[in-house]
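To keep things clear, I will list the structure first and then write my remarks on it.
The values are calculated or read from the model by the stated rules, or taken from the named source; none is laboratory data. Quantities reported herein were computed from a predicted structural model and do not represent experimental measurements. Every residue, glycine as well, gets a Cβ built from its backbone with ideal geometry; the counts of neighbours run over all protein chains shown. Just the protein is used for accessible areas: all its heavy atoms, side chains included, with ligands, DNA and RNA removed. Shrake-Rupley method; radii C 1.70, N 1.55, O 1.52, S 1.80 Å.
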Amino acid sequence: MIRIYTNQVSDNQEVIPFPSEVETTEKDWWMIYDADTKVIAIEPLQCSGYTSGPLTMVISDTKEELDQYIIDNKLLFNLD
Amino acid sequence: MVFVVKKDGLPTLIKSNTIFKIFVDFWSNTLGNFWNLAQDPYGKTITNFNVKYISGSGQVDVNWGEGINESVTSGTNINHTFGITKSGISIFSSSGANITDISCGASSPKLGGAISLSAFSSLTGFVCTGNGITAFSGIESCPNLINLELGVNSLTKFPSFNHTPLLNDLKLENNLLSGSIPSLDNLTNLKNLRFQENKNITGNLPSLSLLPNLESFYAIGCNLRGPIPNLSQNTLLKDFRIDSQTTSPKINGTIPSLSGNTQLAFFLCQNNQLSGSIPSLSGNTLLRNFSCHTNQLTGSIPSLSGLSNLQIFQCQTNQLTGFIPILSGLIGLQDFRCHTNQLTGSIPSFSGLSNLQVFTCQTNKLTGFIPILSGSTGLRTFTCQTNQLGGSIPILSRLRDLQEFQCNANQLTGFIPSLTGLSNLQIFQCHTNQITGSIPSLTGLSNLQIFQCQINRLTGFIPSLSGLIRLQDLRCQTNQLTGSIPSLNGLSALQLFRCQENKLTGFGGGIISRTLGDFQAQNNSLTASVVNNILAAFVVANRTTGTRILNLGGSGNAAPTSQGIIDKALLTGRGWTVTTN
């Protein structure tokens, strides 16, 4: 299941102004992207902690779900 | 309309095409207003204006169209800056000297206007390069013309070549020519044919079969299509250059046999839709540059043995299979690129390649080892990433000119060799291998911009980064590194630093550059005070624009405390995305 935290208003997503101390566990897969530019700021990773920031955070149970989310939403990898 | 007659009886100014025609006819071969300037030339300069003529006693004058006649000595360069505004340039002779050559040099700013050679029937050479000329006529009156150079102008139409059978050199590069290349069949004496950088030239490449004396053909930067013509009759051909500028249509078909072109030194056919195989080059012993990259070529790379003059061979971005040929003995080889194909086998020996500067073979299916590179002391670029290479990275310490070394995404083992003394090194990537040992000293690599050794089995410390003033990107994540994150003090170009998924425990401190916007150190063993110190350092750096990613979370790292918690909130308020435990 994908959980989405974003600062953008959307009808079909759970919305909060900023991800504020959003907790992830070691088992969670998550990523961060800029909803305006569609550029991925943090590529899918497993990392526990508490995340705060202005960008869109997507959390999933599996990397495959995040990969599909990237495809569905036409997100862009930063080619650095 | 203005018509001025000077005291010597010679008209000097014409502002009407009708008058101009009468004017030329009246004075026959003794006078030629050959250049009608399009605009006021005031302040413009033409350099190296040169007229050659045959005359026992005659004098040739140039009239710059402003009441000034300037006597010219045959074959001597003169310069002129236009003062009084007039509209044309004339050349005339008081004794009927035969003008054989006119060379207009280059003008700055460009003079523009139209050229007519109709008054110069004895002309054998006309050079008017770099002047912005928009029209050219009268060539049919110059049956003796041997050399015609009108490059770097603004011509839109091809002149007719039906009455100039003696042409040796025809150079029309960098114009605005459009349409198809006219028939060249009448130009049986042609040696050098240059149309390059005329993006509106369309149609098929012309037949060259009736040009037995052709030595060079340049059509790069045009919009040509169709097959490469048969070159078997062009036995004197030395230099052949074509490409395609648009996505479609492009030059297609196959590369013709070059077996009869024994004088060939340059053959460039890159960026087309050529298919088939690369022909045998065994007879082209004078070949210096062969470039067929970015096509759809299949088959294998032909033998290059015996091509002792070869300096550049580029066949990258095709669909080539088979092996990279033996390169030993190609003592002049400077640049060999075969990357992005489907090549198998191993990288050949570099033995004897003492002049090699660039070698790229990445994105193939190569196996075996990276060869010894030490003999190629002038090597600047070596890229072999994304293959299936094994073994270790060879010794690099003698390659003092090395700027770029990439061997990532292979199956390499062993150590990263010493990089000491490689002061020109800009890019070093060995990530995604199975490399062990420690990261070597980076001291003295003042030009290093990118260093990526992530996803290996590296142990030991991250070396000092002091003095790496151009370092932009350092990645060493997913290894088994211990010790501290080194001081980032003075790294004024650093944008990205990733060391996550190691066993790092400390932080060397120092002032972090405001350029650093991506710092990932999650999944290490950072203590609370270290996490606090890193957060504090980023607060001091005060970056408020661009990428702002800071990850200190993950298993193993401690959570921030007291001031660290406040600093995290401060950074978040400045647009940072911060993760901590």
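At-a-glance table
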{"read-out": "Out-of-range pairs (alpha-carbon distance over 26 Å; input B:LYS52/B:LYS171; A:LYS74/B:LYS365; B:LYS52/B:LYS110)", "value": "A:LYS74/B:LYS365"}
{"read-out": "Cα Rg, Dmax, the stretch B:391-457, angstrom units", "value": "11.0, 29"}
{"read-out": "Whole-angstrom gap from the stretch B:356-376 to the stretch B:184-207, using each part's C-alpha centre", "value": "39 Å"}
{"read-out": "For B:GLN314, residues with placed amide H under 5 Å, excluding near neighbours", "value": "B:PHE290, B:SER291, B:CYS292, B:ARG337"}
{"read-out": "Sequence-distant residues sharing a close amide H with B:PHE136 (under 5 Å, placed H)", "value": "B:ILE115"}
{"read-out": "Stretchable slack from B:THR156 to B:ALA569, in nm (0.36 nm times residue separation minus alpha-carbon distance)", "value": "142.2 nm"}
{"read-out": "Debye-sum result for the stretch B:484-581 in log10 I(q)/I(0), which assumes one identical scatterer on each alpha carbon, at q = 0.12, 0.18, 0.19, 0.20 Å⁻¹", "value": "-0.30, -0.72, -0.81, -0.91"}
{"read-out": "Nonlocal amide H pairs with B:ILE485, under 5 Å, H built at 1.01 Å", "value": "B:THR505, B:GLY506, B:PHE507, B:GLY508"}
{"read-out": "Farthest positive-ward along the protein assembly as shown dipole, Cα basis, beta-carbon charges - from B:PHE126, B:VAL60, B:LEU412", "value": "B:VAL60"}
{"read-out": "³J(HN,Hα) computed for each position of the stretch B:118-124 - Karplus, 6.51 cos²θ - 1.76 cosθ + 1.60, integer Hz, glycine/proline x", "value": "4, 8, 10, 6, 8, 5, 10"}
{"read-out": "With all protein chains modelled, accessible area of B:THR254 [1.4 Å, Å²]", "value": "80 Å²"}
{"read-out": "Radius 10 Å from Cβ of B:ARG543, net charge of other residues (Lys, Arg +1; Asp, Glu -1)", "value": "+3"}
{"read-out": "Kirkwood Rh and Cα Rg combined as Rg/Rh, the stretch B:385-426", "value": "0.99"}
{"read-out": "Mean accessible surface per residue for the stretch B:67-126, computed with a 1.4 Å probe while every protein chain stays in place, in Å²", "value": "35 Å²"}
{"read-out": "³J(HN,Hα), Karplus 6.51/-1.76/1.60, whole Hz, each residue of the stretch B:64-78, x for Gly, Pro", "value": "7, x, 9, x, 10, 9, 10, 5, 10, 8, 3, x, 9, 6, 10"}
{"read-out": "Normalised contact order of chain B, rounded percent, pairs of Cα under 8 Å and 6 or more residues apart", "value": "4 percent"}
{"read-out": "Principal-axis tilt of helix B:563-573 within chain B, Cα atoms, nearest 10 degrees", "value": "30 degrees"}
{"read-out": "FRET efficiency, 1/(1 + (r/R0)^6) with R0 35 Å, evaluated for B:ASN355 and B:THR235 via beta carbons", "value": "0.75"}
{"read-out": "Pairs of Cα atoms farther than 17 Å apart, the stretch B:218-318, %", "value": "47 percent"}
{"read-out": "Relative contact order, percent, the stretch B:109-206 [alpha-carbon distance under 8 Å, six or more residues apart]", "value": "22 percent"}
{"read-out": "Extension gain, B:ASN542 back to B:SER259 (0.36 nm per residue minus Cα-Cα distance, nm)", "value": "95.3 nm"}
{"read-out": "Rounded D (µm²/s) - the stretch B:320-457, Kirkwood Rh over Cα pairs, Stokes-Einstein at 37 °C, 0.692 mPa s", "value": "221 µm²/s"}
{"read-out": "The stretch B:197-241: Cα Rg divided by the 2.2 N^0.38 Å rule of thumb", "value": "1.15"}
{"read-out": "Estimated translational D of the protein assembly as shown in µm²/s (Stokes, Kirkwood radius over Cα pairs; 10 °C; 1.306 mPa s)", "value": "53 µm²/s"}
{"read-out": "Quotient of C-alpha Rg and 2.2 N^0.38 Å, computed over chain B", "value": "1.34"}
{"read-out": "Where B meets A: accessible area buried, both sides, 1.4 Å probe, Å²", "value": "1300 Å²"}
{"read-out": "Residue-by-residue Karplus 3J(HN,Hα) for the stretch B:427-433, coefficients 6.51, -1.76, 1.60, Hz, glycine and proline x", "value": "10, 9, 10, 9, 5, 6, 9"}
{"read-out": "Sites A:LYS27 and B:ILE395 - FRET efficiency at Förster radius 45 Å, r taken between beta-carbons, to 0.05", "value": "0.55"}
{"read-out": "From the C-alpha gyration tensor of the stretch B:273-370, square roots of 5λ in Å", "value": "19, 16, 11"}
{"read-out": "In nm, spacing of pseudo-spin labels at B:ASN79 and B:ASN489 (7 Å Cα→C-beta vector)", "value": "5.5 nm"}
{"read-out": "Calculated FRET efficiency for the pair B:ASN447/B:ILE54, C-beta based, R₀ 56 Å, to 0.05", "value": "0.40"}
